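Have a look at the structure below, then the notes.
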Protein chains: 2
Amino acid sequence: MTQNVYKHHDHHSCVDSALNKARRLCEESGQRLTPVRQRVLEMVWANHKPVGAYDLLPKLAEEGFNSAPPTVYRALDFLLDLGLIHRISSLNAFIGCNHPGEAHPSCFFVCRECGRAQELDSRLMGSLASKAEEELGIKVEQQMTELMGLCPICQKEAS
Amino acid sequence: MTQNVYKHHDHHSCVDSALNKARRLCEESGQRLTPVRQRVLEMVWANHKPVGAYDLLPKLAEEGFNSAPPTVYRALDFLLDLGLIHRISSLNAFIGCNHPGEAHPSCFFVCRECGRAQELDSRLMGSLASKAEEELGIKVEQQMTELMGLCPICQKEAS
DNA sequence: AAACTTTAGGTTATAATATAACAATATTGT
DNA sequence: ACAATATTGTTATATTATAACCTAAAGTTT
């Protein structure tokens, strides 16, 4: 676990680090981190809450970007392909990836109260996949895990 | 692993067993397995492929049931609440549960070629949740895992 | 630099999935 | 039979996502 979003931290450095990694990955793969793409990535990293595509549209509009659905979906797809963000299927929402560039399953806990999502160590998912591959003869290409519940902060507030 | 959907099996007995379990669970919990609900459950169990809500609508219509979206979503929600089916979020689709009545995370492998889904032993997911609870102080209430790839049959056909 | 190719973005329309809100009916408990 | 509750019917609409086609920008080759 490289960080804990439910603890106080210098969030500016989260965003900063995400942008640096993005720039590096783009360069390495010969892709372009265009203004929309970078801005969408920053918006996804605005906090640690998964954000919906349609939440981004008005924000892009405010900043003078084109803001039709294809624009934001293209940017999101680009970022997904590069592994810079993950998609939280159960929420139809997107969240920044903590360690882009290292192939790994999407594995998150999301607090049902505050909405903040914590990326989890996904190594156990690897075991699950291997076991299933062995027992069933399947070939696993992708995997995702989503946990829901209460974060420490919202547990306290509930009592 | 109680069964392997990628191997030949008497599918009639899958459906039969699912219906029996459904009737038992409904009785135990004082809920009613009404005609639409039962029919939707049967349709979900028609094969081992996750089925979308909107795929069910015309089938219900054919049989003279009302077939507006709320009808099918209500039936699906009922079956989800009782743990008789699971939702595959990455597909917006629904699939029968192999062991309803026993609380457990949703844990599936889905073949990207043939679409057939295999429910997996979810005990490893329990470890993941416990570990996360311990390390982060979170409280996990729900979890789901979805694997994608190629089943044994589709691997063969690909070569 | 001009011509060409490739990649990205703009635009309009529409598809696919899901829910809100309220009325009508059926079932259960008294 | 009556009231209370649960279920279903119905209409409308919200939310999420993609298709298709066109324009513009950036990179490549000559």
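Expressed in nm², what is the orientationally averaged projection area of the convex hull enclosing the Cα positions of the protein assembly as shown?
On the way: hull surface 77.1 nm².
Projected area, direction-averaged: 19.3 nm².
Put A:74, A:24 in order of accessible area, largest first, 1.4 Å probe: what do you get? Before the final figure, lay out each step's value.
On the way: A:74 165, A:24 115 Å².
Largest accessible area first, the list is A:74, A:24.
Each copy carries a label point for residue B:9 at 7 Å from Cα along the beta-carbon vector; from one copy to the others these points are 4.2 nm apart, nearest first. Pairs from the table (A:21/B:139; A:139/B:156; A:7/A:49; A:131/B:139; B:7/B:156; A:7/B:131) lying more than 20 angstrom apart at Cα are A:21/B:139; A:131/B:139.
Using a 7 Å projection from Cα along Cα-to-Cβ, the label point at residue A:80 is separated from the same position in the remaining copies by 1.9 nm, smallest value first. Distances from residue B:61 to itself in the other copies, using label points 7 Å out along the Cα-Cβ axis, amount to 3.3 nm in increasing order.
For chain B, what does the accessible surface come to per residue with a 1.4 Å probe? Please give it in Å².
Working: 7970 Å² over 159 residues.
Counting only protein heavy atoms, the per-residue value for chain B is 50 Å².
Mean residue ellipticity at 222 nm from the helices of chain A, using -39,500 (n - 2.57) per DSSP H segment of n ≥ 4 over the full residue count, to the nearest 500 deg cm²/dmol? Before the final figure, lay out the partial values.
On the way: 6 runs with 73 residues, N = 159.
The helix-only estimate for chain A comes to -14500 deg cm²/dmol at 222 nm.
Potential lengthening of the chain between residue A:121 and residue A:99 amounts to 6.9 nm, from the contour at 0.36 nm per residue minus the alpha-carbon distance. The simple spin-label model puts a point 7 Å past each Cα toward its Cβ; for residue B:112 and residue B:46 those points are separated by 2.6 nm. A viscosity of 1.306 mPa s and a temperature of 10 °C, combined with the Kirkwood radius over C-alpha pairs in the Stokes-Einstein formula, give region A:17-159 a diffusion coefficient of 97 µm²/s. The modelled label-to-label distance for the pair residue A:135/residue B:135, using points 7 Å beyond Cα in the direction of Cβ, is 2.3 nm. For residue B:23, the accessible area of its heavy atoms, probed at 1.4 Å with every protein chain present, is near 100 square angstrom. Whole-Hz Karplus values for region A:137-152 come out as x, 7, 10, 8, 10, 8, 7, 8, 9, 10, 10, 10, x, 10, 7, x Hz, taken residue by residue from phi with 6.51 cos²θ - 1.76 cosθ + 1.60 and θ = phi - 60°; glycine and proline positions read x. Determine which residues of region A:84-120 fall in the zone a paramagnetic label at residue A:153 would reach in this model, i.e. backbone nitrogen under 16 Å from the point 7 Å along Cα→Cβ. Label zone hits: A:109-119.
The values are calculated or read from the model by the stated rules, or taken from the named source; none is laboratory data. Bear in mind that the values here come from a model prediction, so they are computed numbers and not experimental data. Because the Cβ atoms are built from the backbone with ideal geometry, glycine has one as well, and the counts that use them run over all protein chains shown. Side chains included, ligands, DNA and RNA excluded: accessible areas come from the protein's heavy atoms. Shrake-Rupley method; radii C 1.70, N 1.55, O 1.52, S 1.80 Å.
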